[in-house]
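Chemist: Input: one structure, supplied below.
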Amino acid sequence: MDVATRSDGRLIRLLRTVVDVCIPNACLLCRAEPKAPDDDLCVRCRRLVLATRVDYCPRCARSIAPYTVHDGRCPRCRTRRVITVGRVRLGEYGGALADAIRMFKYGGHWELDRCMARLLADVIHTAPWLAQVEAIVAVPTCWQHRLRRRAHATTMMAPLVAQACGRPLVPLLRRISGGPHQAGLSDDERVKNIRGRFRIARGVTLNAARLCLIDDVLTTGATLDECAKILRRAGAAEVYGAVLAGVG
Ligand SMILES: [Zn+2]
Ligand SMILES: [Zn+2]
């Protein structure tokens, strides 16, 4: 973890303690309703976040109509190469889940790190492949991003997710550059745009390791697959993926 994020984490925990003392029961999303015991959200917000759960493909994690997965593939990924072996996600990117992610990623509400990490860890615990996973790997951000926003949502969640899943967090990947944003690109353009953006950390070889990549939002899955490709080339046997939300 980079120094900026580590110091941000300490500051956030301090601020959270101050907020907890001043407003001991405020929901992190609506700030109005009292939160449930030992939860970061009120009952209503938790229900709204979980209401974004819809059927999704266990291979590509895109939303699907019921009963459209055959032989583990949906119509959207049936003819596509997918490098991760399996994927889980909490919900579809929309409603209260999208609001929470936007607050966390872009709104400076870094105190949501524990809440988001708990939601992601809960999802990973539902994965049929969790027993195979030996370690968690976070999709990294580039230094330009760290410089601009100082903290990065996935990086902040990662140690908490790993702890909740009882797996080590291993810093295996580096992001070489941010490059043009993925927004507005077609599926094929996204794959091309993300190609070559990651590399394996210096000196790392993976002895047939089974790893779970985590990220906040999945659009086409191009980022997960690019990271999985790098990990496989370095010797990983299988790479799985887990995200908070999938865009359709
Ligand atoms: Zn609430
Ligand atoms: Zn699929």
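The values are calculated or read from the model by the stated rules, or taken from the named source; none is laboratory data. All of these numbers come straight from a predicted model, not from anything done at the bench. All Cβ positions, even for glycine, are placed from backbone atoms using ideal geometry, and neighbour counts span all protein chains on display.
Chemist: Quick one: what pairs do we get from the stretch 37-51, first residue under 11 Å from Cys115 (Cα atoms), second more than 9 Å from ligand 1 (Cβ to nearest atom) and in a helix (DSSP H, G or I), C-beta under 8 Å, 6+ apart or different chains?
Modeler: Asp40/Leu112; Asp40/Arg114; Asp40/Cys115; Asp40/Arg118; Leu41/Val49; Leu41/Cys115
Chemist: For the stretch 199-214, which residues satisfy the criterion of being within 25 Å of Leu244 (Cβ to Cβ), surrounded by fewer than 22 Cβ atoms within 10 Å (Cβ to Cβ) and touching an Asp or Glu at 6+ places or on another chain (Cβ under 9 Å)?
Modeler: Scanning the stretch 199-214 gives Ala209, Arg210.
Chemist: A follow-up question, please. Name the single residue that is farthest from Ala237 (Cα to Cα) among those in the stretch 94-124 being away from ligand 1 (no atom under 16 Å from the Cβ) and touching a helix residue (DSSP H, G or I) at 6+ places or on another chain (Cβ under 7 Å).
Modeler: Trp110
Chemist: Moving on to the next point. Could you go through the stretch 32-39 and let me know if any residue there is among the hydrophobic types (A, V, I, L, M, F, W, C) and within 14 Å of ligand 1 (Cβ to nearest atom). Break it down into steps so the answer makes sense when it comes.
Modeler: Residues of the stretch 32-39 that are among the hydrophobic types (A, V, I, L, M, F, W, C), as a first pass: 32, 36.
With within 14 Å of ligand 1 (Cβ to nearest atom) added as a condition, the list becomes 32, 36.
Yes, the stretch 32-39 contains at least one residue that is among the hydrophobic types (A, V, I, L, M, F, W, C) and within 14 Å of ligand 1 (Cβ to nearest atom).
Chemist: Tell me which of these Arg53 doesn't satisfy, since it passes every other one: (1) within 21 Å of Val161 (Cα to Cα); (2) surrounded by 15 or more Cβ atoms within 10 Å (Cβ to Cβ); (3) at pLDDT 95 or above.
Modeler: Here Arg53 clears every test but (2).
Chemist: Is there a residue being within 16 Å of ligand 1 (Cβ to nearest atom) and outside any helix (DSSP H, G or I) anywhere in the stretch 45-55?
Modeler: Going through the stretch 45-55, the residues within 16 Å of ligand 1 (Cβ to nearest atom) turn out to be 45-52.
Imposing the further condition that a residue be outside any helix (DSSP H, G or I) reduces the set to 51-52.
Checked against the condition, which is being within 16 Å of ligand 1 (Cβ to nearest atom) and outside any helix (DSSP H, G or I), the stretch 45-55 yields at least one hit.
Chemist: Consider only pairs whose beta carbons are under 9 Å apart and that are at least six residues apart or on different chains; among these, list those whose first residue lies in the stretch 80-109 and is closer than 18 Å to Pro58 by Cβ and whose second residue is aromatic (Phe, Trp, Tyr) and more than 16 Å from ligand 2 (Cβ to nearest atom).
Modeler: Taking only residues 6 or more apart or on different chains, not a single pair turns up.
Chemist: Could you list all residues from the stretch 48-73 that are among the hydrophobic types (A, V, I, L, M, F, W, C) and over 22 Å from the mean Cα position of the chain (by Cα)? Before the answer, list the steps.
Modeler: Of the stretch 48-73, the ones among the hydrophobic types (A, V, I, L, M, F, W, C) are 48-51, 54, 57, 60-61, 64-65, 69.
Within the stretch 48-73, Ala65, Val69 qualify.
Chemist: Conditions: (1) of a type in the set (D, E, K, R); (2) more than 16 Å from ligand 2 (Cβ to nearest atom); (3) without any contact (Cβ under 8 Å) to a residue 12 or more places away in the chain. Glu33 meets all but one. Number of the miss?
Modeler: (3)
Chemist: Restricting attention to the stretch 82-98, report how many residues are surrounded by fewer than 17 Cβ atoms within 10 Å (Cβ to Cβ) and acidic (Asp, Glu).
Modeler: Within the stretch 82-98, residues that are surrounded by fewer than 17 Cβ atoms within 10 Å (Cβ to Cβ) and acidic (Asp, Glu) number 0.
Chemist: Assess whether Arg62 counts as being of a type outside the set (A, V, I, L, M), near ligand 2 (Cβ under 10 Å from one of its atoms) and modelled with pLDDT of 95 or more.
Modeler: Values: of a type outside the set (A, V, I, L, M): yes; near ligand 2 (Cβ under 10 Å from one of its atoms): yes; modelled with pLDDT of 95 or more: yes.
Considered against the rule, which asks whether it is of a type outside the set (A, V, I, L, M), near ligand 2 (Cβ under 10 Å from one of its atoms) and modelled with pLDDT of 95 or more, Arg62 comes out as yes.
Chemist: Separate question: Given the structure, is Thr220 assigned to a loop (DSSP other than H, G, I, E, B) and surrounded by 17 or more Cβ atoms within 10 Å (Cβ to Cβ)? Show your work before the answer.
Modeler: Details: assigned to a loop (DSSP other than H, G, I, E, B): yes; surrounded by 17 or more Cβ atoms within 10 Å (Cβ to Cβ): yes.
Yes; evaluated as a whole, the condition is true for this residue.
Chemist: Do we have any residue at all in the stretch 75-83 that's more than 14 Å from ligand 2 (Cβ to nearest atom) and part of a loop (DSSP other than H, G, I, E, B)?
Modeler: The first filter runs over the stretch 75-83 and keeps only residues more than 14 Å from ligand 2 (Cβ to nearest atom), leaving none.
No - not one qualifying residue is present in the stretch 75-83.
Chemist: Any chance the stretch 138-146 includes a residue that's modelled with pLDDT under 95, assigned to a helix (DSSP H, G or I) and under 20 Å from Gly107 (Cβ atoms)? Before you say what the answer is, go through the steps one by one.
Modeler: Applying the first criterion (modelled with pLDDT under 95) to the stretch 138-146 yields 140-146.
Imposing the further condition that a residue be assigned to a helix (DSSP H, G or I) reduces the set to 143-146.
Retained after the next criterion (residues that are under 20 Å from Gly107 (Cβ atoms)): 145-146.
Yes, the conditions are met somewhere in the stretch 138-146.
Chemist: On to the next question. So which residues in the stretch 26-44 are surrounded by fewer than 15 Cβ atoms within 10 Å (Cβ to Cβ), part of a loop (DSSP other than H, G, I, E, B) and of a type outside the set (Gly, Ala, Ser), if there are any at all?
Modeler: Arg31, Pro37, Asp38, Asp39
Chemist: Going through the stretch 173-198 one residue at a time, which ones are surrounded by fewer than 18 Cβ atoms within 10 Å (Cβ to Cβ) and either assigned to a strand (DSSP E or B) or modelled with pLDDT of 90 or more (or both)?
Modeler: Arg174 - this is the single residue of the stretch 173-198 that is surrounded by fewer than 18 Cβ atoms within 10 Å (Cβ to Cβ) and either assigned to a strand (DSSP E or B) or modelled with pLDDT of 90 or more (or both).
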